[in-house]
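This structure is in structure tokens; I'll ask about it shortly.
Coordinate-derived values only; no laboratory data. Keep in mind that this is a model prediction, so the values were computed, not measured. Counting neighbours? That spans all protein chains shown, and the Cβs are built from the backbone with ideal geometry, glycine included.
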Amino acid sequence: MSKDGRGIPETCKHGAHGLRAMQSALAKIPDDGEDWLDALGPVGAVVRELRDDLIRDLGGPGCISTAQGLIVQQVAKSWVMLQSIDDWMLTRPLMNKRARALFPVVLQRQTLEDSLVRNLRTLGLERKTKPTPSLPEYLATRVTDAEESAQSESAESESERELQAAARGEGS
């Protein structure tokens, strides 16, 4: 139980719980319908690119479920966090020589990596192709496309004739 009745454990140092940092980060995310990745700048661009690549590997936006979309989002975020931790870890020693033990960040990084791998396995590690339409469906789309292009060509040629007639009428 907390000493001061606010819900913060006694063992937690003032400000070490991360609440203020989380509130600050959440305040930067726009809630007006704008894509939240835009608020993250270059990191958001990397997350978006990875997310789009994963969705493409799963067969495209029309082929994934909402649950798969959420997992894709988590995978992209986890990957960026993992890269950030790896960059940080490469500049520091990973072992406490006095205690002859790894620093806790190494174990936490491994936990994050395990979570990432688990999510990737849930999505599937093989690239999936878009479902191909049956022959009747394909032929129906071809006929529709041909009709639309014929209509647009006839409209263009009719407007060209009108322009030519107007030009002849103006020159006479």
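Run the simple label-point estimate for Val105 and Arg161 please: 7 Å along Cα→C-beta, distance reported in nm.
Computed distance between label sites Val105 and Arg161 equals 7.6 nm.
Counting only the backbone N, which residues of segment 54-68 are under 20 Å from the spot 7 Å out from the Cα of Ser152 toward its beta-carbon?
Counting only backbone N, you get no residues.
If you don't mind, there's one more thing I want to ask. Expected output is a single nm value to one decimal: the length gained when fully extending between Leu125 and Glu137, i.e. 0.36 nm times separation in residues minus the C-alpha distance. What is it?
That works out to 1.4 nm of additional length.
Divide the volume of the convex hull of the Cα atoms of segment 69-149 by its number of residues and quote the answer in cubic angstrom per residue. Write out the running numbers ahead of the final one.
Numbers: hull volume 11.1 nm³, N = 81.
Dividing the Cα hull volume of segment 69-149 by its residue count gives 137 Å³.
A follow-up question, please. Can you tell me the order of 103-111, 125-133 when each peptide is scored by its average per-residue count of other Cβ atoms within 10 angstrom, highest first?
On the way: 103-111: 12.2, 125-133: 9.7.
The packing order, highest mean first, is 103-111, 125-133.
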